[in-house]
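No value in this document is a laboratory result; all are computed from the given coordinates. Note that this is a predicted model, so its numbers are computed, not measured. Quick reminder, even Gly has a Cβ in these numbers, built from the backbone with ideal geometry, and neighbours come from all protein chains shown.
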Amino acid sequence: MSTRTRLRRTAGVALVLVALTACGSQLDPATVAKASGQDGTTGTSSGTTGDAGLPAGDTPAAGDVPVGGEAPAPGAAGDPGAPTGGGSSDPGAAAGGGGKSKGKGSPTGGTKAASCEGFKNQTGITDSTIALANVSDISGPVPGIFESAQQATRAYVEYFNSQNTICGRKLSLVNLDSRADAGADQQAYVKACSEAFAAVGSMSAFDSGGAATADSCGLPDIRSTIVNPERQSCKSCFGAYSIRTNLIPDAASKWLAQKFPDAVKNAAVLYINAGAAPVNSKSMAAGYEKGAGWKVTYLQGIDVAEFNFAPYVQQMKDKGVRAVAYQGPYQNTVKLQQAMAQQGFKPDFFLQDPTIYDKRYVQQAGAAAEGTYVYAANDLFENTKNAEVQLYLSWLQQVKPGAIPNYYGLYAWSAARLFVEKAISLGGKLSRESLVGAFRATTAWTGNGAHTAMNLSTPSSPPCLKVIQYTGGRWQQVSPGDYMCGGVVDSGVGG
């Protein structure tokens, strides 16, 4: 493969993933503290280094989860359901305070601390600190592509260190750059294996590189999300956003099928022709057909360097396509939607993955954004009633004023919370092996209500989603309840 071809493919994957940014409110810690009824100042951590479906009106599907850490598995007996909006009145969700906050929103998540008797220093642990590594794409074809994952991890470390320790140790963060390159990811994990106790909140477009390294040294690796099958096979690696390529949730596709029964019988699925997008899109198309009765009559990849989207629009018009689903960066979404508008092509609906839940998409798309649907497994940043989401936004601004929140940043925050809660619950028994075991026993992690329940025990896609729509100048949820829960369909593609 030529250097030019490799760079083109790398840039394609990077563009697909860099588009996963999201708009949201940017609240300062004092505002959140006041809203939660807990005023006070926020501490900092000297141990941190670097910055580096159902139609509307129907009842929600069974399996909605309550706010807080680990929830009952979707549909499990005794599931009490989730409060509307996923919010929490727990004052511990405030961004700091004069004393130690308590409860599920606190830095410890209200976890009962185990005895520290027998606690041992080991790789990454000294008398004073527990070192965590974050390995994310910072440089490369798109500089800063996943800096938000490091920012979010740092934000949680700061939050925790402001009030707590783990058996007398503060957390420290070692930021490593995987440079959107599998080789760099592998090199970073060699360093993480020798210098850090665990890796937390990492995000890379080429996370396959360090998979074998993390696995061989037994490094607990709780990532924002996992994007390559090799990482999914790593026994010590987990994603706070747990997904698997061949497993497609049917809740959103069924909701759309009930709302637009004729349109889904002649649907198009388009995607950026680079990286993981082709296999993910083909899996989605097969899953929607198998699980929700869609008929995909046009399945088409669009090259990264393509500027003329008119031929693809014309082909959809010729086929009489009535529903369009797209996977790719928001920049290309804008080009596609503008080409559709120029040719007077108006499908019954346009659906995209969460990559366009981004203020830059709205700014560039203008009127073309109106009516666009997005499926998501996490709550909206605009939901001021969700204390955990607002806590993330608050601390993100605390460590990096002006930083743009996005959903892989939110999952990196969730990963850091999960590490803390499991480490505290282990106490003197904390080791790499015991921590991996604790992650593997986690079957319904909600990140204190920031997202739908995730099963880390067997990597699988979550069955619960919500559908949001850009309408009237803002994003809003249009699906019923907190999350719609359905089945997970094995598409037979990418498994």
When the convex hull of the C-alpha atoms of region 118-257 is computed, what volume per residue in Å³ does it have?
139 Å³
Expressed as a whole number of Å, what is the distance separating the alpha-carbon centroids of region 285-307 and region 205-256?
23 Å
Mind pulling up the Rg/Rh value for region 335-444? Radius of gyration and Kirkwood radius, both on Cα.
1.14
Express the relative contact order of region 103-186 as a whole percentage, based on alpha carbon pairs under 8 Å and six or more residues apart in sequence.
36 percent
Give the share of C-alpha pairs in each 10 angstrom bin for region 184-325, from 0 to the last occupied bin, in whole percents, shortest bins first.
11, 31, 25, 20, 11, 2
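Going down the table (Lys282/Lys346; Lys191/Lys429; Lys235/Lys429; Lys295/Lys385; Lys359/Lys466), which pairs top 29 Å between alpha carbons?
Working: Lys282/Lys346 23 Å; Lys191/Lys429 24 Å; Lys235/Lys429 20 Å; Lys295/Lys385 38 Å; Lys359/Lys466 19 Å.
Going by Cα-Cα distance, Lys295/Lys385 fall outside the 29 Å limit.
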Describe numerically, in nm with one decimal, the distance between label points set 7 Å from Cα along Cα→Cβ at Lys319 and at Val190.
4.6 nm
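Could you give the alpha-carbon Rg of region 284-365 over 2.2 N^0.38 Å, rounded to two decimals?
That ratio works out to 1.09.
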Note: probe point = Cα of Glu117 + 7 Å toward Cβ; backbone nitrogen < 15 Å; residues of region 403-443 passing the test are 427-430
With every atom except the alpha carbons ignored, what do you get for Rg and Dmax of region 388-495, in angstroms?
16.8, 54
Computed over region 258-368: relative contact order in percent, which uses C-alpha pairs under 8 Å that are six or more apart
30 percent
Space enclosed by the convex hull of the alpha-carbon atoms of region 433-495, per residue, Å³
137 Å³
What would the Debye equation give as log₁₀ I(q)/I(0) for region 240-320 at q = 0.11, 0.26 Å⁻¹, counting only Cα atoms as equal point scatterers?
-0.33, -1.23
